[in-house]
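Written below as structure tokens is the structure these notes are about.
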Amino acid sequence: MSETPASPSPANPEKAAPPTELPVGPYGQFLSEHGIPSKRLPDSTGVETIEVEPAQLEVTLKRLRNSEEIALDYLVAVSGVDNTDTFDSVYHLWSYSDPNKELVVKVRIPKASVAAEQLPEVPSVTPFWSAANWHERESYDLVGIRYVGHPYLRRILNPWDWEGYPLRRDYKQPVDSLNDKNPHSFR
Amino acid sequence: MTVSTSTSNKTQSYGVQSTGPANIVEIFKFMRLTIIWLSIIFGAVWGACWLFGVVLPACVEGFGLPAEISQTIRYFVPLVAIMVFIPINAMFMVLFERRALALFTVRKGPNRVGPDGLLQTAADAVKLLLKEDITPRGADAFMFTLAPIIFFAPSIFGCIPLLAAATGDHRLFSIANLPTGIFYVLAASSIPVVALVMAGWASNNKYSLVGGLRAAAQAISYEIPLVLSLVTICLLAGSLDVVEIAQQQVGGFLHWNILGAGKLLAVSQASPITFVTAPLLAICCILLFWLYMTGACAEINRIPFDLPEAESELVSGYNTEYSGIKFAIFFLAEFTNLFVVSAIATVMFLGGGESPIPGFLDTGFFVSVMGTLNSLLQPVPALQWLLNSLVDPATLSCVFWAVTKIYLIVFFAILIRGTLPRFRIDQLMDFSWKRLIPLVLILFLAVAYLRELV
Amino acid sequence: MAVNVGNDQLKTDEMIINMGPQHPATHGVLRLLLTLDGEMVRNVEPVIGHLHRAQEWQGQNRTWFQYQALIDRVDYLSGMFTSWALARAAEHIEGIKISPRAEYLRVMVSEMNRITSHLLWLGTYLIDLGAMFGFPFYPFREREKLLDLLEAVAGQRMMFNYIRIGGVQCNPPLGWFDKLKRFTEEFPDRVDEYEAIVTENPIFLKRTKGIGRLSKSVAMDYGVTGPTLRASGVNLDLRRTKPYSVYDQLKFEVPVLEGDGDTWARYTCRIREMRESNKIIKQCIEKIPGGTTEEIRKLGDEANKDENLKLMAKKQNSGLRVKAGEGFAAVESPRGTLGCYIISNGSDKAYRFKWRNPSFSNLSVLPELLVGHPIADIMAIFGSIDVILPDVDR
């Protein structure tokens, strides 16, 4: 993260930004010029953050990556987040050529729209961006977001037969490993 | 946090220590350890040979039994010498190697068991022998057990002719000499590869299998330059008899085969061509020695040719599944093989038991020392008899130089081990078939012509 | 095995070998599912997670103060960098400014840590290449010295917990700067020594030149970072391209090699980086505000009042809180971009941690590199991308 952020922003975005409409940032502007709708979210400490619809994700990332002027061609990380009322898939985009370009793209799936026993579904970017491959697997493994179109969506950090998604808020540990009374305890 | 509290007043023992020539102490310890161990080994072997060669026959004859029996006992001397020698020697060589590698890498090496780590490998051997002998499930138990035996046996019976050469054809050992000695040694040394394939196949492990197959490929490839270089030396010497080859090199290092078997001295004004051919022959022989060492390193699977047991690729290759006494036998045989190939190099290239400079610690010197000791022990006839029956000065000088040369070559092999990374298998094959074998064939022809022209 | 008579080729079956997790050369517990055709690798599937310690879960269930001490374990060879990434991300959210002296100390200790990490890599890489007993030990000689110095300043040899949210823990002890200076003076000679043994070694060149080529486009596609990326010709070093801390005030070069990065290029890149790190430490010793610890001691109480010399901008106790908000910060670790994504809700625990570990991304490119090489090259290539398994598995 650079010491000189791309767009100046208040030190504390959560407090400073009321839930009203935020002004469209430069990247949002660029996307809307190319016919991709996006919604500005409170900045992630000085970095423009936008939300796109799941269906638009592939087009958005391809456009941001391949266009000459933007060239956000460095996918730093894909993170799955279990927020209070949504499942987020967060894409941190940097540029190899210009160190000052940064963007956070979020895809938010409302928890209400996810049926019971179903996983939230986000289109996978792995087919055109290999950097996302293991990060998406990790996100699937730990947060339980199904990346539709991923070539090999399989648990990566946990054992292949693990049950549940450990980084979810409602996750219960199957075995309390530190409890002596538990017969399956590791102690 | 404030500054005054944050600076902990630690003792000043951390940080950069000066790196001086502190290794001299380690080198001294290493030399001391080598001398102690060598005296132990050769004291034991010498004692055993004396017992079987002198004392027992004398007792037998003293009881009035026929002379055939005492003669039969004498025939056992080479065998006894080797049986006593090999285990102790392998123990020493492991320690020698570990300490030498520690020297090269600014470490101390094993220095805890016994005085200054002298007994480290003895302790290791005991531990290995006491371990449970495991045969993995699915392994072919018979072959699995047979493999270490077949691997070890040739290194015992293969080196017997060399004994005669290393002891200067002593009367107790001349029975071990063969007219085609080097041929026999080479034949014996090509057997172990069968054992490696057996071990790899019988282990029921894919790494072992790959290791065993690699061992076969490698041994076949490197046997050719190895054998051809020795054959060339035999051509130069005109003999297959190791004792004879060793005795031809008497008279200082210029007579050694590595420098063209004394042909450098034959340079004369009478035939000016010898000014070219004699140095050429010497260069050819030095190259042959290098070829022999390369082939030998590959034969006995040492770095940089340790592909059959490449640790970073194949875990441990053919001996992955071995433990306990079977592994100990593999280990023993590997180090014995190193000793054997060094002994071959000594006999074939470096003049066997001859002193490199005539007059320097040679037979005459040992004879004069014996004479002095004899005159000192004049008043005690029993001790004088003991000394004379125990020590033969000519053999002592021969063994002294042979052992010195052999361990120098072993040290050299350890130095290589401490310096080079490992080849890749295809590069290894290329190196043998595309470089070494053509080179050794050229050298063979060159030596064949040059020996006539000098 | 069936001999195909019409086409005089021997038909062979493929063999599947499980390399690891218990294998002497997999740097811990990586498991590679290899499909071999003879000795050639046809397919690779890295199976990771054997060292998974749920670091992110731990972060969300421990207080900030507790987690600070835990995070060094993620990449045990460069603990300073994980601490630093966490501290930077939290400081970003908080908006804290760190005093110059603390920043310089951070740069110094982490560059020392970078050298130790590269030295260990050098030693183990040579072991991977089969040089089992020779030079692998030489790098460890220098590494010991640096670890002694790091121990003196942080109290621990590997799990430092020295860089904290808001600054650094303490000033180095007396005499530390002199010893470090002496080290920096002799270190270039030592690197020359390694190079003298290794760089021109014909077997080493044969094993590394042209092996495991990683083209620029593939590296960028997989998000490979660090020396592995720079050896492929991409100039991405956060210290230079996105200068953080005081790196913009220091003079150093970022070694970027042209052409498809083979294992030899990666080796060269790391060797050069060690020299550059050494230069950085040298400059820091000269430039650090307040000078050595002895000089700080002389200042006495004045040092406590000077804003430039204050080491800690935040109280270090169990009540440590970070403001609500989300932030991402990255540092250039010895293995590449080490990022930390934090979502805080202002309580004593973080809401979400996400670590962007360089080893994780670098390892994902491994199948691309290995297919088509013989098994002997697996370790030569795998070693050259310098992966630390705890860093992959977290």
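Legend: mean number of C-beta atoms from other chains within 10 angstrom of residue C-beta atoms, peptide A:68-79, equals 4. A rounded overall shape is assigned to chain B, the ratio a/c of its alpha-carbon gyration tensor axes (a ≥ b ≥ c) being less than 1.5. Within straight-line reach of B:Lys127, meaning a Cα separation under 27 Å, sit the following lysines at least 8 residues removed in sequence or on another chain: B:Lys29, B:Lys108, B:Lys326. Cross-link partners for C:Lys179 among the lysines, with Cα-Cα distance under 21 Å and sequence neighbours closer than 8 places in the same chain left out: B:Lys10, C:Lys145, C:Lys279, C:Lys282, C:Lys287, C:Lys298. Residues in segment B:396-454 average 45 Å² of solvent-accessible surface per residue, probe 1.4 Å, ligands and nucleic acids excluded. Taking the average, over residues, of other Cβ atoms within 10 Å as the packing measure, peptides B:318-325, B:196-203, C:315-322 rank B:196-203, B:318-325, C:315-322 from highest down. In percent, rounded to a whole number, the relative contact order of segment C:55-388 is 28, using alpha-carbon pairs under 8 Å and six or more apart. Farthest towards the positive end of the charge dipole of the protein assembly as shown, among the residues B:Thr395, C:Ile342, B:Thr372, is the Cα of C:Ile342, using unit charges on the Cβ of Lys, Arg, Asp and Glu. Taking each DSSP H run with n ≥ 4 as -39500 (n - 2.57) and averaging over every residue of chain C yields -14000 deg cm²/dmol at 222 nm.
Could you list the GluC sites (Glu not before Pro) in segment A:26-133 that lie in coil according to DSSP, counting only those with at most 11 other Cβ atoms within 10 Å of their Cβ? Those that pass, being in a loop and sparsely packed, are A:Glu68, A:Glu69, A:Glu117. Mean per-residue shielding of peptide C:317-326 is 3, counting Cβ atoms of other chains within 10 Å of each Cβ.
Projected onto the charge dipole of chain C (+1 at Lys/Arg Cβ, -1 at Asp/Glu Cβ, origin at the Cα centre), which of C:Ser364, C:Ile288, C:Gly383 gives the Cα projection farthest towards the positive end? The Cα lying farthest towards the positive end belongs to C:Ile288. In summary, the lysines within cross-link reach of A:Lys39, defined as a Cα separation below 28 angstrom excluding same-chain residues under 8 places away, comprise A:Lys15, A:Lys62, A:Lys101, A:Lys106, A:Lys111, C:Lys242, C:Lys323, C:Lys354. Could you provide, to the nearest whole Å², the per residue accessible area of segment A:21-148 with probe 1.4 Å? With the other protein chains kept in place, segment A:21-148 gives 37 Å² per residue. When the Cα gyration tensor is reduced to axis lengths a ≥ b ≥ c, the ratio a/c is 1.5 or higher for segment B:257-391, and with a/b not above b/c it is classed as oblate. Mean per-residue shielding of peptide C:354-362 is 4, counting Cβ atoms of other chains within 10 Å of each Cβ. A Cβ-based charge dipole, computed about the Cα centre of the protein assembly as shown with Lys and Arg at +1 and Asp and Glu at -1, lands at about 1740 debye. Per-residue ellipticity at 222 nm, computed for chain B from helices alone with -39500 (n - 2.57) per DSSP H run of at least four residues, works out to -21500 deg cm²/dmol.
For chain B, the relative contact order comes to 19 percent (Cα pairs under 8 Å, sequence separation of at least 6). Dipole orientation for chain B: of the candidates B:Leu95, B:Gly211, B:Leu436, B:Leu95 has the Cα lying most toward the positive pole (charges on Cβ; Lys, Arg +1; Asp, Glu -1). Under a model in which nothing but the beta-carbon of Lys, Arg (+1) and Asp, Glu (-1) is charged, chain B shows a dipole of about 1100 debye around its Cα centre.
Per residue, the average separation of C-alpha pairs within less than 8 Å and at least 6 apart gives segment A:21-148 a relative contact order of 20 percent. Overall, the accessible surface of segment C:55-388 at a probe of 1.4 angstrom is composed of carbon and sulfur to the extent of 50 percent.
C plus B alone minus the pair: what accessible area, both sides summed, probe 1.4 Å, in Å² to 100? About 4500 Å² of accessible surface is lost on pairing. In this Cβ point-charge picture (+1 for Lys and Arg, -1 for Asp and Glu), segment A:21-148 has a dipole of about 120 debye about its Cα centre. From most to least packed by mean Cβ count within 10 Å, the peptides B:39-51, B:330-342 give B:330-342, B:39-51.
From most to least packed by mean Cβ count within 10 Å, the peptides C:57-63, C:79-85, A:103-109 give C:79-85, A:103-109, C:57-63.
For segment C:281-366, the solvent-accessible area of protein heavy atoms averages 34 Å² per residue (probe radius 1.4 Å; ligands and nucleic acids excluded).
Is segment C:55-388 rounded, prolate or oblate when judged by the Cα gyration tensor, a ≥ b ≥ c being the square roots of its eigenvalues, rounded requiring a/c under 1.5 and prolate requiring a/b larger than b/c? Here segment C:55-388 falls in the oblate category.
The values are calculated or read from the model by the stated rules, or taken from the named source; none is laboratory data. If you're wondering where the values come from, they're calculated on a predicted model, not measured in any experiment. Here the Cβ is made from the backbone with ideal geometry for all residues, glycine too, and neighbour counts use every protein chain on show. Accessible surface areas use protein heavy atoms only, side chains included; no ligands, DNA or RNA. Shrake-Rupley method; radii C 1.70, N 1.55, O 1.52, S 1.80 Å.
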